[in-house]
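Heads up, the thing below is written out as structure tokens.
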């Protein structure tokens with residue numbers, strides 16, 4: 001009985017250490033906002049993959065193949081950073097498209113675990129997102145779903161590259177974009193109107 005108790009204690013200790021030292025965990029963040037506007041009108045604002053003038057954080061976009069699958073766009077951010085994205089799927093009939101980040105510039109670096117780590121303009125890794133418009137409860141709903149990992153792939157990430165930093169940055173991108181679209185139809189729209197659902 002004593003041996004069993006010791007084994008259970010050792011297992012619990014091992015499991016606790018493993019849980020505290022885990023690597024990146026995939027996050028899924030869903031942001032939605034509802035509008036008093038026709039769905040096709042709202043879709044017309046965001047349907048052009050090469051146009052993100054509706055997002056306040058983006059100052060310029062270049063795109064090579066428009067709304068065709070595989071199209072690559074480069075976003076120039078208001079702060080000077082750049083994000084390159086590839087269009088993975090485009091469904092005009094469902095008012096939806098999916099894209100994935102393939103490259104980013106950095107905002108600097110942080111010295112951690114004996115080496116310098118780059119800090120991407122969006123502190124995430126393996127980021128993909130789907131932007132869609134639909135009807136719900138008699139209103140038009142814009143849904144933006146992003147999946148991603150933190151930017152630091154090893155255990156014990158620095159503060160700038162951990163899950164909290166990734167979640168904060170992605171939440172800001174999605175919220176700011178949705179509020180900006182909503183303001184076209186309702187000048188009083190704010191971040192409080194955006195519903196956030198985070199799963200990890």
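The values are calculated or read from the model by the stated rules, or taken from the named source; none is laboratory data. Just so you know, these numbers come straight off a predicted model, no measurement behind them. We place every Cβ from the backbone using ideal geometry, glycine too, and count neighbours over all the protein chains shown.
Numbers for the structure displayed
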item: Region 80-99 - residue that is more than 15 Å from residue 61 (Cβ to Cβ) and exposed (fewer than 14 other Cβ atoms within 10 Å of the Cβ) and, of those, farthest from the chain's Cα centre (by Cα); result: 93
item: Residues located in region 131-159, provided they are surrounded by 15 or more Cβ atoms within 10 Å (Cβ to Cβ), out of contact with any helix residue (DSSP H, G or I) (no Cβ under 6 Å at 6 or more places or on another chain) and assigned to a loop (DSSP other than H, G, I, E, B); result: 157, 158
item: Contacts under 9 angstrom Cβ, first residue in region 38-64 being within 17 Å of residue 98 (Cα to Cα), partner surrounded by 13 or more Cβ atoms within 10 Å (Cβ to Cβ) and modelled with pLDDT under 95, 6 or more apart; result: none
item: Subset of region 74-111 [within 25 Å of residue 41 (Cβ to Cβ) and part of a loop (DSSP other than H, G, I, E, B)]; result: 95
item: Residue in region 112-130 that is in contact with a strand residue (DSSP E or B) (Cβ under 8 Å, 6 or more places away or on another chain), within 20 Å of residue 45 (Cα to Cα) and part of a strand (DSSP E or B) present; result: yes
item: Within region 116-130, tally of residues that are closer than 23 Å to residue 94 by Cβ and crowded, with 17+ Cβ neighbours inside 10 Å; result: 3
item: Hits in region 47-73 - residues which are surrounded by 15 or more Cβ atoms within 10 Å (Cβ to Cβ) and either modelled with pLDDT under 95 or assigned to a strand (DSSP E or B) (or both); result: 58, 61, 63, 72, 73
item: Failed condition for residue 35, given (1) out of contact with any helix residue (DSSP H, G or I) (no Cβ under 8 Å at 6 or more places or on another chain); (2) over 24 Å from residue 169 (Cβ atoms); (3) surrounded by 12 or more Cβ atoms within 10 Å (Cβ to Cβ); result: (1)
item: The one condition in (1) in a strand (DSSP E or B); (2) at pLDDT below 95 that residue 29 fails to fulfil; result: (2)
item: Residues of region 160-200 satisfying the condition of being assigned to a helix (DSSP H, G or I), more than 26 Å from residue 43 (Cα to Cα) and free of Cβ contacts under 8 Å to residues at least 24 places away in the same chain; result: 164, 168
